[in-house]
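S.K.: Pasting in a structure now, in structure tokens, and then I'll have a few things to ask.
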Amino acid sequence: MKPNKTIAIISVISACVTASSVIAATIPAGTTLTVSTVSGFSSKTAKGRSFEAKLAKDVSVKGQVLMKAGSKAFGKVATSRSNPMKNEPLTVELTSVSVNGRNVAVKTNGYQPGSPTVTARQAQYGHTAGTLVITPGTLMQFQLLQPVTL
């Protein structure tokens with residue numbers, strides 16, 4: 001009876017190792033992540049503030065879907081016009097994506113979701129007019145700067 005238990009335990013361990021290696025996958029750098037915003041923000045939102053989005057498209061590698069459309073994604077405001085002494089454009093980055101119930105950190109390029117109007121005088125001095133408002137449902141595309149292992 002003891003050899004049967006040993007064989008059963010080895011079989012279970014082998015099955016677990018095989019299943020985990022099938023699940024583990026890497027999404028290469030340069031892969032595009034298209035998201036749709038869930039929360040709104042503007043060009044005057046403080047730098048570092050987070051926002052919520054969801055994947056608008058599946059992310060596939062070699063025909064295998066690794067991140068499903070609708071998965072939660074989170075990002076942050078990298079630059080903004082919240083500080084009146086600095087006139088930086090609104091730039092956002094993705095910071096994580098929820099995969100199978102856990103948040104996976106991602107490093108993406110900065111995305112500038114449009115630009116407010118600019119007068120000739122403001123352009124001369126590098127300033128912009130108005131506030132750019134990002135509403136829920138706005139589509140944004142990010143590229144991974146580093147591979148992501150799931």
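What follows is calculated from the coordinates using simple rules that are stated; it is not laboratory data. Values in this document were obtained by computation on a predicted structure and should not be read as measured data. Neighbour counts are summed over all protein chains in view; Cβ atoms, including those assigned to glycine, are modelled from backbone coordinates with ideal geometry.
S.K.: Okay, which of segment 78-107 sit inside 13 Å, backbone N to the point 7 Å along the Cα-Cβ direction of ALA29?
M.R.: Answer for segment 78-107: 107.
S.K.: If R0 is 22 Å, what FRET efficiency do you get for ALA69 and GLN146 from their C-beta distance, rounded to 0.05? Spell out each step's value before the answer.
M.R.: Details: r = 22 Å, r/R0 = 1.01.
The computed FRET efficiency comes out at 0.50.
S.K.: Hey, can you grab everything whose amide H is under 5 Å from the amide H of THR138? Only 5+ residues off in sequence or another chain; H modelled, so Pro and N-termini drop out.
M.R.: Distant-sequence amide H within range of THR138: THR37.
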